[in-house]
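The values are calculated or read from the model by the stated rules, or taken from the named source; none is laboratory data. From a predicted model like this one, the values you see are computed outputs, not experimental measurements. Methodologically, a virtual Cβ is constructed for each residue, glycine included, from the backbone with ideal geometry; neighbour enumeration extends over all protein chains shown.
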Amino acid sequence: MSVDFCGIELAHPVINGSGTFDAIAAHRAFGDELLERFPFAAFVSKTVTLEPRQGNPPPRLWEVPGGLINSIGLPNKGLRGYLEHDLPWLAGLPVPLIVNVMGFSRDEVAELVDAFAERAEVSALELNVSCPNVETGLVMGADPDETARLVDRVRSLTDKPLIVKLTPNATDVPAVARAAERAGADAVSLINTLKGMALDPRTGAPWLGGVTGGVSGAAVRAVALAQVHAVAQAVDIPIIGMGGVQAGRDALDLMRAGAALVAVGTESFRDPAVGLRVASELMELLAKTAV
Amino acid sequence: MTRTTAPFGRRRAAVTAREEHGAYVVIRCEDRTGPAPAPGQFYMLAAAERWGGGEGERPFLPRAFSVLRARAGELRFLIEDVGPGTKRLSELSAGERLAVVGPLGNGFAPPREDRKPILVGGGVGIAPLAIWQDELRAGGTESRVLLGFRDEWHAHGAALLVDPTVATDDGSVGHHGLVTELLEDELDGRADEIEVYACGPPPMLEAVRELCGRHQVPAQLALESGMACGFGACFGCVVPTVDGYVRLCVDGPVLEASRLESALAATIGAHPSQH
């Protein structure tokens with residue numbers, strides 16, 4: 001069952017959430033079997049920023065019931081490093097490539113979008129307006145007007161599909177989605193992680209180097225379902241639904257709530273190949289269920 | 001550094017035996033489809049059934065374990081019950097199943113310039129030294145083995161290696177004091193003949209790093225950090241090195257001591273309650 005997503009043909013509706021799978025590192029660990037059995041119908045790469053980033057000081061992880069809190073801080077090689085080192089390799093993946101970008105100002109995002117606009121290796125761009133790990137990350141995606149101004153600023157720079165990744169840490173997520181749609185976004189993706197925190201049991205001080213982090217995993221699945229459902233009532237553009245997907249059943253729920261595609265994130269940490277299982281379970285369910 | 005590529009994805013491995021060694025449990029499992037690991041490599045382990053629902057409604061993520069020993073089609077892991085994940089794993093019995101990803105990461109590299117290997121282990125960190133000693137012996141190289149434990153109950157783990165010299169914090173077995181005091185005696189005057197391989201708690205690794213740095217002895221340290229995935233996806237297990245943060249799962253877990261400014265700072269990422 002192939003799927004058309006904003007004009008991109010995908011073999012099935014299951015992709016990865018940005019920042020939850022590093023195809024280059026996974027190839028080092030698993031070799032060519034990764035490429036022979038690539039677990040996603042499209043690959044969404046980790047957030048690229050203009051300048052290189054080391055990320056947050058460790059510790060960066062804390063396990064919670066049914067999930068984890070991460071405070072990674074968007075480490076990446078920066079635009080130049082990505083174009084030079086990562087993009088040529090990722091272009092060889094057997095699936096379409098979606099590049100996720102984040103800037104600390106509209107001009108920065110524009111520079112990033114512009115840099116990828118003419119790259120044939122890139123099928124679509126995802127705007128990270130929602131990462132809660134970096135101080136300024138909240139600003140744009142938490143407010144409908146800010147989101148609209150951002151999309152408006154970059155829309156004319158590329159013909160590629162623009163996906164806006166919504167933050168769940170906003171007062172009115174459907175309003176942000178609507179603003180993105182009106183400004184010309186081709187799709188929205190949600191949910192990003194929910195802001196969370198853990199204390200060091202010995203000292204009572206924040207455990208994570210970044211103080212707060214993002215909660216993901218099965219623990220957030222019900223929140224994701226509610227937000228996808230609410231956003232689906234508000235917009236007509238396609239939705240990439242994600243949050244706590246562990247099985248085809250969870251993916252089907254998100255599609256029934258209004259998602260066109262489903263992304264797997266934290267569950268890949270537990271089983272690197274879980275995208276394959278989720279996709280095949282989903283296909284089986286879709287074959288006998290009307291969404 | 002040596003690396004064996006893992007099969008892609010998680011596979012089931014039947015537990016064939018559970019052995020107690022004082023404070024530690026050795027879990028043996030069948031792994032017919034996996035390749036032989038390189039010494040120092042690790043696996044992500046979870047119980048295939050009843051993973052979750054323990055203390056604090058956890059565990060959720062798999063746990064990283066250096067392989068203790070590998071025979072044809074069989075893997076062994078050394079487990080100390082310190083948190084909800086290690087508790088569940090240490091209670092596994094024959095007939096239950098593990099969910100396994102691995103082998104992962106970079107293992108130990110052979111000694112340079114025909115140097116003589118000294119293996120220094122502390123607590124549950126003795127695990128990767130057992131398989132490394134096996135491989136060195138198979139290649140005709142005998143290694144000196146120095147192991148440190150808290151007390152007699154933990155020192156039962158020493159039986160997992162061949163001819164170890166033991167130190168205990170309370171003096172109940174062997175040398176009364178730190179394993180690094182034993183190492184210092186070995187290094188005196190022989191620095192250019194020795195290469196050190198170490199795995200253990202952060203203060204021990206830091207003492208080894210400092211000592212080897214001072215004596216200009218090359219040392220390979222197998223580090224530990226809080227880890228969600230084991231294959232470079234989560235970026236959670238970074239440790240600071242002279243080259244910036246590196247992911248321990250894909251650039252380690254074995255690192256040259258000379259790449260670290262401190263082994264203490266490199267291993268703060270795992271709280272016991274998260275194990």
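The residue that is surrounded by the fewest Cβ atoms within 10 Å (Cβ to Cβ), counting only those in segment A:65-83 that are within 9 Å of chain B (Cβ to nearest Cβ) and not in a loop (DSSP other than H, G, I, E, B), is A:Gly67. When A:Val245 is tested against (1) surrounded by 24 or more Cβ atoms within 10 Å (Cβ to Cβ); (2) of a type in the set (Val, Ile, Thr); (3) away from chain B (no Cβ under 14 Å); (4) part of a helix (DSSP H, G or I), exactly one condition is not met: (4). A search for C-beta distances below 6 Å between a residue of segment B:4-28 that is free of Cβ contacts under 8 Å to residues at least 24 places away in the same chain and any residue that is assigned to a strand (DSSP E or B), counting only pairs 6+ apart in sequence or on different chains, returns B:Glu19/B:Val26. Total residues in segment B:58-90 satisfying the condition of being in contact (Cβ under 8 Å) with a residue 12 or more places away in the chain and in a strand (DSSP E or B): the figure is 14. Consider segment A:84-105 and keep the residues that are surrounded by 24 or more Cβ atoms within 10 Å (Cβ to Cβ) and out of contact with any helix residue (DSSP H, G or I) (no Cβ under 8 Å at 6 or more places or on another chain). The one that is farthest from the other protein chains (Cβ to nearest Cβ) is A:Ile98.
Quick one: would you say A:Asp250 is more than 26 Å from A:Asn56 (Cα to Cα) and either among the polar types (S, T, N, Q) or part of a helix (DSSP H, G or I) (or both)?
Working: more than 26 Å from A:Asn56 (Cα to Cα): yes; either among the polar types (S, T, N, Q) or part of a helix (DSSP H, G or I) (or both): yes.
Yes; evaluated as a whole, the condition is true for this residue.
In segment B:1-20, the qualifying residues are those that are buried (at least 19 other Cβ atoms within 10 Å of the Cβ) and part of a strand (DSSP E or B), and the one that is farthest from the other protein chains (Cβ to nearest Cβ) is B:Val15.
Would you pick out the residues in segment B:77-107 that are closer than 13 Å to B:Ala17 by Cβ and surrounded by fewer than 21 Cβ atoms within 10 Å (Cβ to Cβ)? B:Ser93, B:Ala94, B:Gly95, B:Glu96, listed by residue number.
Only one of B:Gly73, B:Gly53 is surrounded by fewer than 24 Cβ atoms within 10 Å (Cβ to Cβ), within 29 Å of A:Gly67 (Cβ to Cβ), modelled with pLDDT under 95 and among the small types (Gly, Ala, Ser). Can you tell me which?
Working: B:Gly73 fails: within 29 Å of A:Gly67 (Cβ to Cβ).
So the residue among B:Gly73, B:Gly53 that is surrounded by fewer than 24 Cβ atoms within 10 Å (Cβ to Cβ), within 29 Å of A:Gly67 (Cβ to Cβ), modelled with pLDDT under 95 and among the small types (Gly, Ala, Ser) is B:Gly53.
Residues that are more than 21 Å from A:Thr266 (Cα to Cα) and within 15 Å of the chain's Cα centre (by Cα) within segment A:33-84 comprise just one, A:Thr49. When A:Val262 is tested against (1) without any contact (Cβ under 8 Å) to a residue 24 or more places away in the chain; (2) within 16 Å of the chain's Cα centre (by Cα), just one condition goes unmet, and that condition is (1). Listed conditions (1) touching a residue at least 40 places away in the same chain (Cβ under 8 Å); (2) crowded, with 17+ Cβ neighbours inside 10 Å are all met by B:Val145, apart from (1).
Considering the conditions (1) more than 14 Å from every other protein chain (Cβ to nearest Cβ); (2) out of contact with any helix residue (DSSP H, G or I) (no Cβ under 9 Å at 6 or more places or on another chain), A:His12 is excluded by exactly one of them, (2).
Just wondering, is there one or more residues in segment B:239-247 that are crowded, with 22+ Cβ neighbours inside 10 Å, within 13 Å of chain A (Cβ to nearest Cβ) and within 18 Å of the chain's Cα centre (by Cα)? The answer is yes, given that some residue of segment B:239-247 is crowded, with 22+ Cβ neighbours inside 10 Å, within 13 Å of chain A (Cβ to nearest Cβ) and within 18 Å of the chain's Cα centre (by Cα).
Is one or more of the residues making up segment B:53-60 away from chain A (no Cβ under 13 Å) and not aromatic (Phe, Trp, Tyr)? So far as segment B:53-60 goes, no, none of its residues is away from chain A (no Cβ under 13 Å) and not aromatic (Phe, Trp, Tyr).
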